[in-house]
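Below is one structure; the comments refer to it alone.
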Amino acid sequence: MSKPTIVLVHGAWADGSSWDLVTTPLQEQGYTVLVPPNPLRGVASDAASIASFVAQRTVGPVVVVGHSYGGFVISNAEFSNDVRALVYVDGFIPDEGEFVFQLLGGSGSALDVPDPTTVLDLIGYPGSPEGDLEAYLKPETVHTAFAQDLSEQDRALVAARQRPITLSANTAPSGPPSWRDRPVWAVIGTEDLVIPPAVLRSMAERAGATITEVAASHVSMVSHPEAALAAIAAASAVAEPAEMS
């Protein structure tokens, strides 16, 4: 029986290396694993980029996995029926019309503060729409709220190599959700200070997800990769094509 292809989509302030501790074990288990770059420019364009990647780089059944804002992106991607299941790891699972800042508003998130410049470094970028900015996490935010259960050395690496996300990506409304007609799994870090567990749980329950909770920060796939691996394995079992009789 052939295994589905696993596509891992990173979130904001990250790149494909955030999935390294998930990618290698999956490869060792015989999976084809692809880790595309998420542009972090805007919901519609990011979702189109990921959908195009999946359509052109995969053949047969696929499981798509999204972390954090990557969950927002895969929820907005127009996938073919080859995408059999979705897995969210500390990820947004938005319904139509919702946007990131709305989902975090009043949630107790470390990023839901009166003055965002206390937790983010905001800078201009070439070709930006009027008023848009790129957001980086302040190093202190990485250490205390984003990846607080990693070693000091690993937290410093996260802070140093983070990729920014535009503010406009956090205010764009979600479209019709790709999770509506697919089985869903969700991994919830119970120590997540970026997307609080209550928010993650509410979104996951609404999507009918099979939920796993792990005592981990927002980057549970780094600190506790076994939780993500187990959810992906369960989703893959559903996605595998039936054997020919």
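The values are calculated or read from the model by the stated rules, or taken from the named source; none is laboratory data. Keep in mind that this is a model prediction, so the values were computed, not measured. Every residue, glycine among them, receives a Cβ derived from its backbone with ideal geometry; neighbour counts consider all protein chains shown. To get the accessible areas, we keep the full protein, side chains included, count just its heavy atoms, and leave off ligands, DNA and RNA. Shrake-Rupley method; radii C 1.70, N 1.55, O 1.52, S 1.80 Å.
Quick one: in the stretch 22-47, of everything that is touching a residue at least 12 places away in the same chain (Cβ under 8 Å), within 19 Å of ARG163 (Cα to Cα) and in a helix (DSSP H, G or I), which residue is most open to solvent (accessible area, probe 1.4 Å)?
Among those residues, the one meeting the criterion is ALA44.
Among the listed residues ILE195, ILE232, identify the single one that is outside any loop (DSSP other than H, G, I, E, B), under 15 Å from the mean Cα position of the chain (by Cα) and of a type in the set (Val, Ile, Thr).
ILE232
I'm trying to understand the selection: among the residues of the stretch 70-81, which are in contact with a helix residue (DSSP H, G or I) (Cβ under 7 Å, 6 or more places away or on another chain) and open to solvent by less than 20 Å² (accessible area, probe 1.4 Å)?
Across the stretch 70-81, the qualifying residues are PHE72, VAL73, ILE74, SER75, ALA77.
Let me spell it out: the conditions are (1) surrounded by fewer than 20 Cβ atoms within 10 Å (Cβ to Cβ); (2) within 17 Å of PHE101 (Cα to Cα); (3) in contact with a strand residue (DSSP E or B) (Cβ under 9 Å, 6 or more places away or on another chain); (4) in contact (Cβ under 8 Å) with a residue 60 or more places away in the chain, and SER168 meets all of them except one. Which number is the exception?
(3)
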